Amino acid sequence: MISDPDAMRYGMIGDDLRSLSEKLEKYTGEICWEYLRPHYAHGALVWVDSSLSLTEVGRAFSEDDTEQVSLWRRSGDILLPSDLHAQYWNDAQSRFLAIVVSPFVLIQDIPSGEEDTAS
């Protein structure tokens, strides 16, 4: 039994003292489509074109930069995936670079041949 009542307390992400850039880096990683399916089903998945920096898009989301996000949406540089996207990614067993900016998961295609072969 743990005698220190504070021993199991965990800080909330908002209490994290790291810089925004450090937080974005911490919550960025390579992921397979299978893991992303539930986020897609809940409407929380946002696809980011490879011409954009995933970190910069994450920054805009986290700073609630609605003007920039709206520009990207209108230009098609970010979008909410459709069922056709989901089916293709499922069939292709696609992998992505993803960043969590709650409540969203931003994803960017990893070009074929650039996947981390260690996973």
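Does Ile110 fit the bill of being at pLDDT below 95 and surrounded by 16 or more Cβ atoms within 10 Å (Cβ to Cβ)?
So Ile110 passes the test.
Test of understanding: among Leu54, Leu79, which residue is farther than 17 Å from Pro111 by Cα, among the hydrophobic types (A, V, I, L, M, F, W, C) and surrounded by 13 or more Cβ atoms within 10 Å (Cβ to Cβ)?
Residue meeting the stated conditions: Leu79.
For segment 31-58, what are the residues that are more than 17 Å from Arg95 (Cβ to Cβ), assigned to a helix (DSSP H, G or I) and touching a strand residue (DSSP E or B) at 6+ places or on another chain (Cβ under 6 Å)?
Val57, Gly58
Please verify whether Gly29 is over 11 Å from Leu106 (Cβ atoms), loosely packed, with under 15 Cβ neighbours inside 10 Å and either without any contact (Cβ under 8 Å) to a residue 60 or more places away in the chain or of a type in the set (Phe, Trp, Tyr) (or both), treating the condition exactly as stated.
Here the answer is no, as Gly29 does not meet what is asked.
The values are calculated or read from the model by the stated rules, or taken from the named source; none is laboratory data. Bear in mind the structure is a predicted one, so any value in this text is a computation, not a measurement. Here the Cβ is made from the backbone with ideal geometry for all residues, glycine too, and neighbour counts use every protein chain on show.
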